[in-house]
Amino acid sequence: MTVGRERKQFGYLCAALFLFLLAAKLCHIHILWAEEGYASAAAVQILHGKMLYRDFWFDKPPLAALLYAPWGGEPGFWLRFAGAVYATSCCVAAYGFAARRWSRREGICAALLMAFYLILDIPASIMTLGPDLLMLLPAIAAIDCAGRKRAFQSGLWCSVALAINAKALLILVVCVVWASAGWLPLLAGFAIGTAPWIVWLAAVHALSDYWQQVWWFGAEYSRHTFVRHPVREAMLRTFNWAGFHAAIVIAAALFFWRERKWRDYGWTAWLLLACAGVWAGERFFLRYYFILLAPVLLLGAAGFARACRFERVLLCILLLIPAIRFAPRYFMLADSLITGAPSSWADTALNRDSRRVAAEIDKLSNSGDTLLVWGYRPDIFAYTQLPVAGRYLDSQLYTGVIADRHLFSVQVTFPALAARNRSDLVHVHPAFIVDGLGKLNPALAITQYPDLQKWLAAYKPIFQTPASTVYVLLTRRLPVAIPRQE
C-alpha cells in the first residue's frame, strides 16, 4: 500500500471517529458535569477581567481554566465540539504511538480502542475536559517523543501536561526512564516550556497564589482523605476498574507476558507510576484512572492486534461490558433531546437544579450584579455568566469542609482558614446568594454560621428549588412577579 493511500485511509478513519465522538458528546449538550462546571466558572471570571489565582481561587493548573475561555465558559455545542476534537486528538496520538512502535495494525487498534473508551466509560469522567482527561494527550505525546529519542520535545510536552495537572511530574519521571541518556535535553525542554506561564504569573503578582492554591491546597487535600481503609479501597477500586476494562487489561497482560515486556524498564515504570498517580490522593475517583488508561490501552492495542482469532473474539465479547452498561444511556439522552421530554437521570439532578436556579436569576439580574454560591455548584456561574462575589467559586473554604465530603459530613479540615475567610466575606455584598448546600446537608447551610448572621440579615430568600435557596439583597428592586416557591 502506498504512503499516499495510507494517509488517505487514515484521514477517513479520523473523520469517522470525530463524527462518532461528536454525536455521542452532543447527547450531553444540556449537561454540565461538576469538573467542567468549575473550569467554566473560572473562564467566566477571567472574561470578566479577573486574574486567575490572584483575584479568585482556582486549585487547578492554569490551562485547566484557560482552555474554556474561547467559548466563554458557556455550556452547550462548543464545549461538546471541543470535547470531540480533543478525544479525536487522543485517538491520533494513540495511533501514532502504536504504529511507530509496532505497526499500522496496532495503531488502528489503539485509535479505535481510545475512541471506544472515551465514549463508553463513566460519563462524568469522559465528558469532562478536566485535568485528568486533559493530561492524557500530552502524556502519550511526551512518552512517545521520549521513546523516539526526541527528548527536548518530550520535555515540552511534559510542560504542557504540568500546566494542566500536577501529576505531570510523574509523567516527567517516566519520560526520564524512556529517554535514558537524553535526560538533560528533556529537562531543558521541560524548563523552557514551563517558564513562560510561570513568568506570566509572576508578572501579574499571582505566583504565590498559584503555589498556595494548586500545590499547598492540593497537598492538604491529598492528606485528608475521607476513605477509612485506603489500601483495601485501592485494591477494590482498581480491581473493579480492571474488570470494567477487562478487554484491554487482558489483552495488555497477554502482550506484556508474551513479549516479555517486564524486562522493559520503560513500560514497567509507566505502569507503576501511573498506579502511584491513581493512589496518591487515597480517593480513587474514576477520573484519576486516566493516567493508567494510557499505558494499559496501548499495550492492549498491541495485544488485540497480535491475538489469535479465538482470543480476539473473546476480547471483543469483553468489550460488551462497557457497551451494555453505557450505550443505552446515549439513546435515552438522544431521545430526550429529540422529543423534548424532561430527563430523570439521577446523576444530573443537581445540574438540572442549577439550570433552573440560573434561569430564575437571569430574569432578575442586571449588569454589574455579582453572585455568591454556597456549596460546590460552580455550574451556576457558567449558566448565569455572573462574576463571583469575593474570591471563592464554592464554599469549601468558607465552611472548611472539603467538597469531596460536604454532602454527607461536617468534618472541618481548615477551621482557622475558613473562619478568616468568613470574616472577609461580610465585607462583600453580592446581589444574589445561592445556598446550594443547605438542603442537602442542613448542618452546613449558610444560615448555620453565627458569624454570618448579621451579614445575612441584609438578604431575603426569594425562591427555592429542591436543592437550593436563593437570596437577594433587601435593598434591591425586584419585579412584581417573584418565582414560585417549592
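Considering each residue of segment 115-129 in turn, none proves to be of a type in the set (S, T, N, Q) and over 30 Å from Gln396 (Cβ atoms). Among residues of segment 252-281 that are within 13 Å of Val173 (Cβ to Cβ), those with a Cβ under 7 angstrom from a residue that is assigned to a loop (DSSP other than H, G, I, E, B) and at pLDDT 85 or above, sequence gap 6+ or separate chain, pair up as Gly277/Lys167.
Tell me yes or no: at least one residue of segment 223-235 is assigned by TED's automatic domain parsing to the domain that holds Ala168, under 23 Å from the mean Cα position of the chain (by Cα) and surrounded by fewer than 12 Cβ atoms within 10 Å (Cβ to Cβ). Yes, segment 223-235 has at least one match. So for segment 362-376 (the condition being assigned to a loop (DSSP other than H, G, I, E, B) and closer than 22 Å to Thr128 by Cβ), does at least one residue qualify? Yes, segment 362-376 has at least one match.
In a residue-by-residue description of segment 310-333, the property of being among the basic types (Lys, Arg), farther than 30 Å from Ala99 by Cα, touching a helix residue (DSSP H, G or I) at 6+ places or on another chain (Cβ under 9 Å) and surrounded by 20 or more Cβ atoms within 10 Å (Cβ to Cβ) applies to no position. When Ser409, Ser468, Ser395 are checked against the criterion of being outside the structural domain of Asp55 (by TED's automatic domain parsing) and free of Cβ contacts under 8 Å to residues at least 60 places away in the same chain, a single residue qualifies: Ser395.
For segment 410-469, filtered to residues that are in a helix (DSSP H, G or I) and of a type in the set (Gly, Ala, Ser), the residue that is surrounded by the most Cβ atoms within 10 Å (Cβ to Cβ) is Ala418. The residue that is nearest to Glu311 (Cα to Cα), counting only those in segment 236-275 that are loosely packed, with under 14 Cβ neighbours inside 10 Å and either outside the structural domain of Leu133 (by TED's automatic domain parsing) or not basic (Lys, Arg) (or both), is Trp257.
Within segment 383-398, the only residue that satisfies the criterion of being touching a Leu at 6+ places or on another chain (Cβ under 6 Å) and crowded, with 24+ Cβ neighbours inside 10 Å is Leu386. Scanning segment 274-322 for residues that are more than 18 Å from Trp257 (Cα to Cα) and charged (D, E, K, R) gives Glu282, Arg283, Arg287, Arg309. When the criteria are applied in full, Arg356 meets the requirement of being among the basic types (Lys, Arg) and in contact with a strand residue (DSSP E or B) (Cβ under 7 Å, 6 or more places away or on another chain). Can we say Pro185 is under 17 Å from Gly277 (Cα atoms), without any contact (Cβ under 8 Å) to a residue 40 or more places away in the chain and either part of a helix (DSSP H, G or I) or of a type in the set (Ser, Thr, Tyr) (or both)? The answer is no for Pro185. Taking interchain pairs and intrachain pairs at least six residues apart, which have beta carbon atoms under 7 angstrom, with the first residue in segment 444-462 and closer than 18 Å to Leu371 by Cα and the second of a type in the set (Lys, Arg) and modelled with pLDDT of 95 or more? The qualifying pairs are Leu452/Arg422.
The values are calculated or read from the model by the stated rules, or taken from the named source; none is laboratory data. Remember, it's a predicted structure, so these values are computed and weren't measured experimentally. Quick reminder, even Gly has a Cβ in these numbers, built from the backbone with ideal geometry, and neighbours come from all protein chains shown.
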